[in-house]
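Presented below is the structure to which this report refers.
Values in this text are rule-based calculations from the coordinates and carry no lab data. Predicted, not measured: the structure shown is a model, and the values here were computed from it.
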Amino acid sequence: MRQQCASPRYLLRVRRRGTLEAVPSNDERPPALRYDLRPADETPISTADLPATPTRDRNIVATAWLQAPDALLQLGKDLPGRPVATFKRRIGTWLLWRAGPATDADAWYWQPTRAI
């Protein structure tokens with residue numbers, strides 16, 4: 001549930017335990033882009049710095065992840081166009097990556113064999 005707060009720049013979101021959390025309103029968030037229109041972000045990043053929620057303004061490529069295992073770096077090599085895997089999201093302590101498009105073609109998903 002969201003309510004407008006006194007400042008129009010923030011919305012209040014009620015968290016599970018009844019506490020309120022201020023979140024930026026839409027005018028402060030970067031615009032969400034289709035997954036295939038997002039620029040590749042090759043800035044080196046460690047596991048601790050991978051975002052908890054999906055990125056909507058860029059694709060974090062596997063080659064930028066400092067702790068990327070070889071299996072992830074080779075994920076898309078057998079797909080047309082040899083796409084580089086991109087980070088999708090955290091699911092609890094798991095990391096989800098995908099090489100290839102979200103729809104209408106073949107893609108491979110990868111998650112570590114153990115929680116990170």
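Observations, loosely collected:
- Remark: the Asp70-Arg82 segment gains 2.8 nm on full extension, using 0.36 nm per residue and subtracting the alpha carbon distance.
- The stretch 31-110, relative contact order [Cα under 8 Å, separation at least 6], %: 25
- Amide proton proximity set for Ala40, modelled H, under 5 Å, gap of 5+: Asn59
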